[in-house]
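Comments concern the structure below.
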Amino acid sequence: MRVKTVLFDLDGTLIDTAPDMAAALTVLCTEENQPTLSYAQVRPVVSNGSAALVKLAFGELEDEKRLMHLKQRYLEIYEENICIDSALFKGIETVLDHIENHGLNWGVVTNKPGWLTLPLMKSLSLTQRAATIVSGDTTPNSKPHPDPMHYACEETESESHECMYVGDARRDIEAGRNAGMKTLVANYGYIATGEDVTSWCADGIINDPEDILNYL
């Protein structure tokens, strides 16, 4: 089937947000007199969101109120510095140009909340280029549920089988497959060492963004 629309996960697939998300965690740890973590420790966890990052730095907290406070403070710090060092992954611009020049659509489906997703996309001048931007709070359910994928299909006027979804987490591939889309693992993204991405059962695995062109 011909691919009409290419959909991307955001963090770790379209945009390299790890530098800014790791920096925000360092600020939080410093504020809380907690030992800071190396970038290498933080990077593989970024795609799992703020709660996972807080738990990485502070451990499993039994006090739910404490966890929520740390998560909220982390998000405040990150929001204030959302696009300092974040940038498109090398090769993504070539892919987007190819998509646009060949009359195809592209968009984003992420679990990142809209109040963080939209400013980030705007900061990198991507908002007007994307045919759809589906955030974690756009639909009642987030990935791996297929709801956000179906929403993206509606906005891009594409059928599921005409879409290809690229992501760097198991839930991304599950969401794409649950919606009936082609799926690609962004193996260059935020994937933990030792993770067997072949077990995700995607249609392909790419080690460089420009590898997407081989599937178009």
### Query
Any idea what the dipole of region 153-216 comes to, in debye rounded to 20, about its Cα centre with Lys/Arg Cβ at +1 and Asp/Glu Cβ at -1?
260 debye
## Note on the structure
Magnitude of the Cβ-charge dipole (Lys and Arg +1, Asp and Glu -1) of the chain about the Cα centre, nearest 20 debye, reported as 120 debye
### Task
Return the calculated 222 nm mean residue ellipticity for the chain, to the nearest 500 deg cm²/dmol, obtained by summing -39500 (n - 2.57) across DSSP H runs with n ≥ 4 and dividing by the residue count.
-11500 deg cm²/dmol
### Task
Using Cα pairs closer than 8 Å and at least 6 residues apart in sequence, work out the relative contact order for the chain, in percent.
25 percent
## Note on the structure
Taking R0 as 25 Å and r as the Cβ-Cβ distance between Thr193 and Ala52, the FRET efficiency 1/(1 + (r/R0)^6), rounded to the nearest 0.05, comes to 0.95
### Task
Report the full-extension gain for the segment Asn33 to Arg2: residue separation times 0.36 nm, less the Cα-Cα distance, to one decimal in nm.
5.8 nm
### Query
What are the residues whose amide H is under 5 Å from the amide H of Leu88, where those residues sit 5 or more places off or on another chain and H is modelled from the backbone?
Asp16
### Task
May I ask you to give the average projected area over all directions of the convex hull of the Cα atoms of region 28-73, in nm² rounded to one decimal?
3.1 nm²
#### Entry: Whole-angstrom Cα spans of region 33-111 along principal axes, big to small
52, 23, 21
### Message
Could you work out what % of the accessible surface of region 76-216 is carbon and sulfur, using a 1.4 angstrom probe and leaving DNA, RNA and ligands out of the count?
### Response
43 percent
### Task
Over the Cα atoms of region 1-43, compute the convex hull volume and normalise it per residue, giving Å³.
76 Å³
### Message
Given an 8 Å cut-off on Cα distances and at least 6 residues of separation, report the relative contact order of region 1-115 as a percent.
### Response
44 percent
### Message
Cut-off under 19 Å on the C-alpha distance; same-chain residues fewer than 8 positions from Lys4 excluded. Which lysines are left, in chain and number order?
### Response
Lys182
#### Entry: For region 79-150: span of alpha carbons on each principal axis (Å, largest first)
33, 32, 19
### Query
In Å and whole numbers, how far do the C-alpha atoms of the chain stretch along each principal axis, longest first?
54, 35, 32
### Query
So for region 114-216, Kirkwood radius off the Cα pairs, Stokes-Einstein at 4 °C and 1.567 mPa s: how many µm² s⁻¹?
90 µm²/s
### Task
Return one whole number: the accessible area per residue of the chain in Å², for a 1.4 Å probe.
46 Å²
### Query
What is the extension gain from Glu60 to Glu93, computed as 0.36 nm multiplied by their sequence separation minus the C-alpha to C-alpha distance, in nm to one decimal?
8.0 nm
### Task
State, to one decimal in nm, how far the label point of Met68 lies from the label point of Asn214, with both points 7 Å from Cα in the Cβ direction.
4.8 nm
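The values are calculated or read from the model by the stated rules, or taken from the named source; none is laboratory data. None of the values given here were measured: they were computed from a predicted structure. Every residue, glycine as well, gets a Cβ built from its backbone with ideal geometry; the counts of neighbours run over all protein chains shown. When the accessible area is computed, the model is the full protein with side chains, heavy atoms only, and any ligands, DNA or RNA have been set aside. Shrake-Rupley method; radii C 1.70, N 1.55, O 1.52, S 1.80 Å.
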